[in-house]
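Enquirer: Quick one: the structure is below, questions incoming.
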Amino acid sequence: MTHDQIVKDIQSELFSRQDLSYREMQVKIIPNIEADSIIGVRTPELRKLAKELVKRADIQEFLNDLPHRYFDENQLHAFIISEIKDYEQCISEVERFLPFVNNWATCDQLSPKVFKKHRPELLKKIKQWIGAETTYTIRFGTGMLMQHFLDEDFDPSYPELVAVVRSEEYYVNMMIAWYFATALAKQYETVLPFIENHRLDTWTHNKAIQKSVESYRITPDQKEYLKSLKIKNNRNK
């Protein structure tokens, strides 16, 4: 089977699972990509398809076909990588794919299962990703730090990696805010000084507090205190 044929087969499989009402919603919530690139396949369908495709001997042909034409192909690509069981192969595919990730949804769906068994090696990679210059590589690295290093593997130096990031990009700053809101829920005493000492830029600082206040994992007293730390818009950091 030719390389082009595999890509066509997958595209036709995606169109066969198209849900137009879902597509309309995606066009609205992912405004930074071309509407024409969105087919509209629901996430459970993509996950199911990824589990089937990852077993195919020729799946590498699809993974090599970058950039993809459709958003849904990128989503599928992220789910296929997330199923790869060999850590080195998985990292290699992640790093090849990251430069082509062009939206928050694909970035946040990329979550390899094998990462939890390789946290020491993963941490080195996370530091590189957070220190990168591209929006979705930074967002991905921050997301992986949030997912894998806020519980038993937490260290007080980790929030520092995120606090020093400065970006004009909405999708980077939103992930930093999400990271700190989650960190406050899981490591309140250690992470609180980052908010008290205004270590984040004003927008991200306030957004982190807003997300914390919306969280059921933060106590009412903690919420009240966090609200008192909001920075008024007319005041500089």
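The values are calculated or read from the model by the stated rules, or taken from the named source; none is laboratory data. Note that this is a predicted model, so its numbers are computed, not measured. All Cβ positions, even for glycine, are placed from backbone atoms using ideal geometry, and neighbour counts span all protein chains on display.
A quick yes/no check of all residues on (1) farther than 16 Å from residue 143 by Cα; (2) in contact with a helix residue (DSSP H, G or I) (Cβ under 7 Å, 6 or more places away or on another chain); (3) basic (Lys, Arg); (4) surrounded by 13 or more Cβ atoms within 10 Å (Cβ to Cβ):
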residue: 64; (1), (2), (3), (4): yes, no, no, no
residue: 74; (1), (2), (3), (4): yes, yes, no, yes
residue: 88; (1), (2), (3), (4): yes, no, no, no
residue: 91; (1), (2), (3), (4): no, yes, no, yes
residue: 96; (1), (2), (3), (4): yes, no, yes, yes
residue: 101; (1), (2), (3), (4): no, yes, no, yes
residue: 108; (1), (2), (3), (4): no, yes, no, yes
residue: 111; (1), (2), (3), (4): no, yes, no, yes
residue: 114; (1), (2), (3), (4): no, yes, no, yes
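Enquirer: Now for a different question. Can you tell me which residue among 100, 62, 115 is of a type in the set (Phe, Trp, Tyr) and closer than 30 Å to residue 156 by Cβ? Can you show your working first?
Expert: Working: 100 fails: closer than 30 Å to residue 156 by Cβ; 62 fails: closer than 30 Å to residue 156 by Cβ.
The unique qualifying residue is 115.
Enquirer: If the requirement is being without any contact (Cβ under 8 Å) to a residue 60 or more places away in the chain and loosely packed, with under 15 Cβ neighbours inside 10 Å, which of these qualifies: 188, 216? So that I can check it myself, show each step before the final result.
Expert: Numbers: 188 fails: loosely packed, with under 15 Cβ neighbours inside 10 Å.
Result: 216 is the single residue among 188, 216 that is without any contact (Cβ under 8 Å) to a residue 60 or more places away in the chain and loosely packed, with under 15 Cβ neighbours inside 10 Å.
Enquirer: In the list 197, 173, 206, which residue meets the criterion of being farther than 30 Å from residue 95 by Cα, surrounded by 15 or more Cβ atoms within 10 Å (Cβ to Cβ) and not charged (D, E, K, R)? Before the answer, list the steps.
Expert: Working: 197 fails: surrounded by 15 or more Cβ atoms within 10 Å (Cβ to Cβ); 173 fails: farther than 30 Å from residue 95 by Cα.
Checking each option against the conditions leaves just 206.
Enquirer: Any residue in segment 29-50 that is assigned by TED's automatic domain parsing to the domain that holds residue 97, of a type in the set (Asp, Glu) and closer than 21 Å to residue 98 by Cα?
Expert: The initial filter retains those residues of segment 29-50 that are assigned by TED's automatic domain parsing to the domain that holds residue 97, namely 29-50.
Pick out the ones that are also of a type in the set (Asp, Glu) and you get 34, 36, 45.
From the residues that got through so far, the ones that are closer than 21 Å to residue 98 by Cα too are 34.
Looking through segment 29-50, at least one residue is assigned by TED's automatic domain parsing to the domain that holds residue 97, of a type in the set (Asp, Glu) and closer than 21 Å to residue 98 by Cα.
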